[in-house]
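Enquirer: Please find one structure pasted underneath; my questions will follow.
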């Protein structure tokens, strides 16, 4: 039986929501054990956070730079690092660990600029190390079933893609009231040049691309700051042009009062339409042209990829943590396969890659450019992603 791989974490200390999610997800399938961390940029908080989760004090580091150097030298050093910091640190932290020969599991977006993302992807390729993103929703079994259905031609020729992601947690200016998670997401120095667009718009775009197998060629975007005084967008909407004449729409809002985490994808082809709603993750709605809608359930998914992402019997609900855990399971399998000189199991092949991260930044930069140009149609910069 394989021993758990050793995981380190940068960020995710006290008061950080996503750090706890990563830790739960990483240990859910027994593939990872958290052994080291630089959990905060404040040394005292880093140490307190480490004590709180039972981390060995000798492997609780005051900085990520110190951690990368020390863990690379240890005979029992970490196998991979999870980066769960604000966006502006993703690229420098990932660079340090890749240079140290350590695989990287990074929160999205991959970086705060397309140039940074491309440099990271190229570095990971040179160092022959895994660089993957936790695009959580691609871990759902029924999202993988949807991708398999599209790839198998069940929808016919694709024509339309519509994706939306609506939340309401930034409806009021809580970033001005000491809310830590809101504060950094609304600060350009920490979040980068995009707000809701980078935070949840990137998820929506990745979901549309993941299921359809397509990436946008051009966007016509409008970004809004609907809460007065907010420096970054809290609402984004766009029309999208995909290859082959496929047309799309995307909107992502964190000021949609009454919405919790309403991510929804709809795709229509010449033969059928398909719908996935994140708040009902165990099902898909498939509607053939001229026929009744079919509710497809996770427990009876037909594709090998969906079955590989399923843990519980039919009728037992799975959700967000399991989807997140799937990405950690996939990453562990890819690392083990590389070390053993074999092909990874088919269930791990749809892990979000560095190339996906580059594509996400190309989308964000095109959206920003389109908005600055008065919502003019703007082509995505997809050339030379790995050059």
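Enquirer: Taking residue 351, is it crowded, with 20+ Cβ neighbours inside 10 Å and in contact with a strand residue (DSSP E or B) (Cβ under 7 Å, 6 or more places away or on another chain)?
Expert: Here the answer is yes, as residue 351 does meet what is asked.
Enquirer: Cβ-Cβ under 6 Å, sequence separation 6+ or interchain: first residue in segment 223-236 and without any contact (Cβ under 8 Å) to a residue 24 or more places away in the chain, partner assigned to a strand (DSSP E or B). Which pairs?
Expert: Within 6 Å, the pairs are 224/235.
Enquirer: If you check 164, 172, which single one turns out to be over 19 Å from residue 15 (Cα atoms) and either over 25 Å from the mean Cα position of the chain (by Cα) or modelled with pLDDT under 95 (or both)?
Expert: Just a single option satisfies the conditions, and that option is 172.
Enquirer: Hey, among 361, 286, 327, 380, which residue is farther than 28 Å from residue 124 by Cβ and surrounded by 15 or more Cβ atoms within 10 Å (Cβ to Cβ)?
Expert: The conditions single out 286.
Enquirer: In segment 289-320, how many residues are touching a strand residue (DSSP E or B) at 6+ places or on another chain (Cβ under 9 Å), on the phi < 0 side of the Ramachandran plot and surrounded by fewer than 16 Cβ atoms within 10 Å (Cβ to Cβ)?
Expert: So the answer is 8.
Enquirer: Turning to a different aspect of this structure: So is residue 65 more than 30 Å from residue 312 (Cβ to Cβ) and surrounded by fewer than 24 Cβ atoms within 10 Å (Cβ to Cβ) or not?
Expert: It is true that residue 65 is more than 30 Å from residue 312 (Cβ to Cβ) and surrounded by fewer than 24 Cβ atoms within 10 Å (Cβ to Cβ).
Enquirer: For segment 215-238, does any single residue satisfy the condition of being in a loop (DSSP other than H, G, I, E, B), closer than 19 Å to residue 372 by Cβ and out of contact with any helix residue (DSSP H, G or I) (no Cβ under 9 Å at 6 or more places or on another chain)?
Expert: yes
Enquirer: Also: Just for segment 226-236: of the residues that are under 19 Å from residue 366 (Cβ atoms) and touching a strand residue (DSSP E or B) at 6+ places or on another chain (Cβ under 8 Å), which one is surrounded by the most Cβ atoms within 10 Å (Cβ to Cβ)?
Expert: 236
Enquirer: Is it true that some residue in segment 189-210 is more than 20 Å from the chain's Cα centre (by Cα) and not assigned by TED's automatic domain parsing to the domain that holds residue 132?
Expert: Yes, some residue in segment 189-210 is more than 20 Å from the chain's Cα centre (by Cα) and not assigned by TED's automatic domain parsing to the domain that holds residue 132.
Enquirer: Within segment 3-120, considering only strands (runs of 3 or more DSSP E) that don't extend past its boundaries, which have at least 3 residues that are modelled with pLDDT under 95?
Expert: Passing ranges: none, list empty.
Enquirer: Considering only residues that are in contact with a helix residue (DSSP H, G or I) (Cβ under 9 Å, 6 or more places away or on another chain), part of a loop (DSSP other than H, G, I, E, B) and farther than 14 Å from residue 235 by Cβ, which ones fall in segment 245-265?
Expert: 246, 261
Enquirer: Could I ask something else about it? From the list 101, 54, 77, which one is on the phi > 0 side of the Ramachandran plot, in contact (Cβ under 8 Å) with a residue 12 or more places away in the chain and not assigned by TED's automatic domain parsing to the domain that holds residue 364?
Expert: Going through 101, 54, 77 in turn, the sole match is 101.
Enquirer: Residues being within 21 Å of residue 102 (Cβ to Cβ) and in contact with a helix residue (DSSP H, G or I) (Cβ under 8 Å, 6 or more places away or on another chain): count how many of those fall in segment 338-347.
Expert: Of the residues in segment 338-347, 1 are within 21 Å of residue 102 (Cβ to Cβ) and in contact with a helix residue (DSSP H, G or I) (Cβ under 8 Å, 6 or more places away or on another chain).
The values are calculated or read from the model by the stated rules, or taken from the named source; none is laboratory data. What you see is a predicted model, and the numbers here were worked out from it, not measured in a lab. Note: ideal-geometry Cβ built from the backbone for every residue, glycine included; neighbour counts use all protein chains shown.
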